[in-house]
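The values are calculated or read from the model by the stated rules, or taken from the named source; none is laboratory data. Computed from a prediction, not measured in an experiment: that's the story for all the values here. In this analysis, Cβ positions are derived from the backbone assuming ideal geometry, glycine residues included, and neighbour counts consider all displayed protein chains.
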Amino acid sequence: MTEQSRSPALDWLDAAAEDRAARHVDRVLRPRPAHDRVIDLASNDYLGLGRHPEVIEGAVEATRRWGAGSTGSRLVTGTTSDHSALESELAEFTGTPAALVFSSGYTANLGAVVALSGRGSLIVSDGGSHASLVDACRLSRARVVVVDRGDVAAVARALAGRTEERALVVTDSVYSADGHLAPLLALHGASRAHGAVLLVDEAHGLGVRGTGGRGLVDEVGLARFEDVVVTATLSKALGSQGGVVLASERVREHLIDTARTFIFDTGLAPSSVGAARSALAVLRREPERARRVLEVAEHLAAVTGADRPRSAVVSVILGDPSRAASAAARCAELGLRVGCFRPPSVPEGTARLRLTARADISDADLARASEVLARVLEEHGHRLTDSSAYLGSTGASRSAASAGASTGVHS
Ligand SMILES: Cc1ncc(COP(=O)(O)O)c(C=O)c1O
């Protein structure tokens with residue numbers, strides 16, 4: 001930008017950028033080449049479906065049939081017969097009566113939470129909720145109570161003490177920062193006891209947990225309850241883009257009529273619809289992909305001393321953001337791409353390497369990745385027991401250390 005085009009009205013951005021740099025929480029975009037020899041343990045392509053030939057073909061074929069874009073909002077021209085087919089297939093796969101596809105998981109959360117709450121209602125939000133659920137709470141105009149992560153008693157107290165007639169409890173099924181599981185059955189028990197609806201974001205559960213990747217909600221037997229509404233993204237295990245709400249038929253109809261991120265947003269691109277449909281078909285045929293991703297995660301946890309993983313996410317806590325950033329950069333130098341989560345994505349003092357297991361990683365790449373991780377962690381003075389020591393040896397200290405660990409952080 002030339003000096004002339006700079007506006008003093010935005011000079012405050014410089015101070016804000018300096019502040020982020022001083023706290024080592026500034027971010028850099030690193031465009032990746034189409035092909036490199038880097039081993040990827042950072043992407044959300046948990047099942048390796050994003051580049052699967054059938055999934056690519058699904059995207060290409062749908063693009064040929066429908067064009068590059070969906071041409072309009074879902075209620076005008078943006079619903080193709082492929083959108084409807086994808087919705088039926090997603091509902092069938094997850095064991096829920098109906099599905100409604102959105103343009104992303106983010107908009108699915110915004111749309112569902114706002115449409116199912118609103119002024120005069122209460123939302124109880126789990127402290128580990130993703131940023132999209134946090135933003136949904138803010139948009140909802142409901143009274144919002146945020147409880148510590150996984151604190152079912154606090155959820156029950158908030159519901160019991162309410163004056164509002166309607167209430168919604170929102171949580172991730174698999175917490176995105178560290179891959180731990182939310183206590184869904186207990187949350188549902190508390191919600192049901194107090195006449196509330198439970199909304200569960202399965203972004204990291206779909207394709208990974210449950211029989212053949214049907215998700216944690218299905219695994220714990222909650223898929224067919226009308227008071228459990230599920231949201232998910234199509235961009236992680238399914239290797240595509242887009243989001244979905246899985247619910248009863250009348251909830252679906254309510255969302256079609258009232259969810260603003262459904263009504264005022266262009267329908268999901270046909271290529272993404274085609275890719276998601278093909279990914280689902282591959283997953284049905286090859287359910288072992290879901291098991292494999294957990295095996296890879298367990299291997300990575302053993303190598304790094306991380307807590308035993310319950311999902312594809314393995315979190316290696318290094319504490320200080322500059323230490324975490326330096327370890328991630330060193331991994332990259334050695335040909336391994338890992339995620340690095342720092343505040344505000346995670347609570348202060350819990351900056352971490354975030355590794356995501358992939359079902360399609362070869363044994364050779366896994367061995368090489370393990371070597372690199374062991375070397376880099378040693379260079380950074382991280383002992384194999386550090387992550388678990390950090391979290392403490394009891395369940396109580398573990399939940400305290402990770403309370404608030406979220407990619408959202410309510411404020
Ligand atoms: C828990 C959770 N919910 C929602 C989203 C948003 O999904 P999308 O990327 O499809 O907007 C993500 C990730 O990006 C996520 O991790």
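Annotations for the structure displayed:
- Among the criteria (1) small (Gly, Ala, Ser); (2) under 25 Å from ASP218 (Cα atoms); (3) surrounded by fewer than 24 Cβ atoms within 10 Å (Cβ to Cβ); (4) out of contact with any Ser or Thr (no Cβ under 9 Å at 6 or more places or on another chain), the one SER191 does not fulfil is (3).
- Checking each residue in the stretch 189-219 for being touching a residue at least 24 places away in the same chain (Cβ under 8 Å) and among the acidic types (Asp, Glu) picks out ASP201, GLU202, ASP218.
- ALA290 vs. criteria buried (at least 22 other Cβ atoms within 10 Å of the Cβ) and either at negative phi or out of contact with any helix residue (DSSP H, G or I) (no Cβ under 6 Å at 6 or more places or on another chain) (or both): yes
- A count restricted to the stretch 108-133 and to residues that are surrounded by fewer than 23 Cβ atoms within 10 Å (Cβ to Cβ) and within 13 Å of the ligand (Cβ to nearest atom) stands at 1.
- The residues listed here are ALA98, ALA22, ALA34; of these, the one that is over 20 Å from the mean Cα position of the chain (by Cα), at pLDDT 95 or above and on the phi < 0 side of the Ramachandran plot is ALA98.
- Checklist (1) modelled with pLDDT under 95; (2) in contact with a Phe, Trp or Tyr (Cβ under 7 Å, 6 or more places away or on another chain); (3) aliphatic (A, V, I, L, M) applied to ALA108, failing item: (1)
- Lone unmet requirement of (1) acidic (Asp, Glu); (2) in contact with a helix residue (DSSP H, G or I) (Cβ under 7 Å, 6 or more places away or on another chain); (3) outside the structural domain of THR71 (by TED's automatic domain parsing) for ASP265: (3)
- For the stretch 141-187, the set of residues classified as within 23 Å of VAL313 (Cα to Cα), touching a Lys or Arg at 6+ places or on another chain (Cβ under 8 Å) and of a type outside the set (Gly, Ala, Ser) consists of VAL174, TYR175, ASP178, HIS180, LEU181, listed by residue number.
- Inspection of the stretch 166-175 identifies no residue that is part of a helix (DSSP H, G or I) and in contact (Cβ under 8 Å) with a residue 40 or more places away in the chain.
- Single unsatisfied condition, ALA177 versus (1) buried (at least 24 other Cβ atoms within 10 Å of the Cβ); (2) aliphatic (A, V, I, L, M); (3) more than 19 Å from the chain's Cα centre (by Cα): (3)
- Some residue of the stretch 54-68 being within 22 Å of ILE263 (Cβ to Cβ), of a type in the set (A, V, I, L, M) and surrounded by fewer than 15 Cβ atoms within 10 Å (Cβ to Cβ): no
- Residue match in the stretch 240-254 (condition: in a loop (DSSP other than H, G, I, E, B), within 16 Å of the ligand (Cβ to nearest atom) and over 13 Å from the mean Cα position of the chain (by Cα)): yes
- Only one of ASP172, ASP148 that is at pLDDT 95 or above and either aromatic (Phe, Trp, Tyr) or surrounded by fewer than 18 Cβ atoms within 10 Å (Cβ to Cβ) (or both): ASP148
- Residues that are free of Cβ contacts under 8 Å to residues at least 12 places away in the same chain and assigned to a loop (DSSP other than H, G, I, E, B) do occur in the stretch 35-54.
- Count of residues meeting criterion [surrounded by fewer than 23 Cβ atoms within 10 Å (Cβ to Cβ) and either closer than 26 Å to THR356 by Cβ or among the aliphatic types (A, V, I, L, M) (or both)] in the stretch 151-166: 6
- Residues (without any contact (Cβ under 8 Å) to a residue 40 or more places away in the chain and small (Gly, Ala, Ser)) located in the stretch 298-350: ALA301, ALA302, ALA324, ALA328, ALA329, GLY349
- Long-range neighbours under 6 Å by Cβ, at least six apart or interchain, first residue closer than 17 Å to ARG250 by Cβ within the stretch 96-116, second within 14 Å of the ligand (Cβ to nearest atom) and of a type in the set (S, T, N, Q): GLY111/THR261; ALA112/THR231
- Candidate set: the stretch 92-107, residues that are buried (at least 23 other Cβ atoms within 10 Å of the Cβ) and small (Gly, Ala, Ser); chosen: the one nearest to the ligand (Cβ to nearest atom): GLY105
- If you go through the stretch 343-360 and keep only what is touching a strand residue (DSSP E or B) at 6+ places or on another chain (Cβ under 8 Å), closer than 14 Å to ASP26 by Cα and surrounded by fewer than 23 Cβ atoms within 10 Å (Cβ to Cβ), you end up with just PRO343.
- Odd one out for PHE262, checked against (1) closer than 24 Å to ALA182 by Cβ; (2) in contact with a strand residue (DSSP E or B) (Cβ under 8 Å, 6 or more places away or on another chain); (3) among the hydrophobic types (A, V, I, L, M, F, W, C): (1)
- Verdict on VAL228 being more than 24 Å from ALA297 (Cβ to Cβ) and within 16 Å of the ligand (Cβ to nearest atom): no
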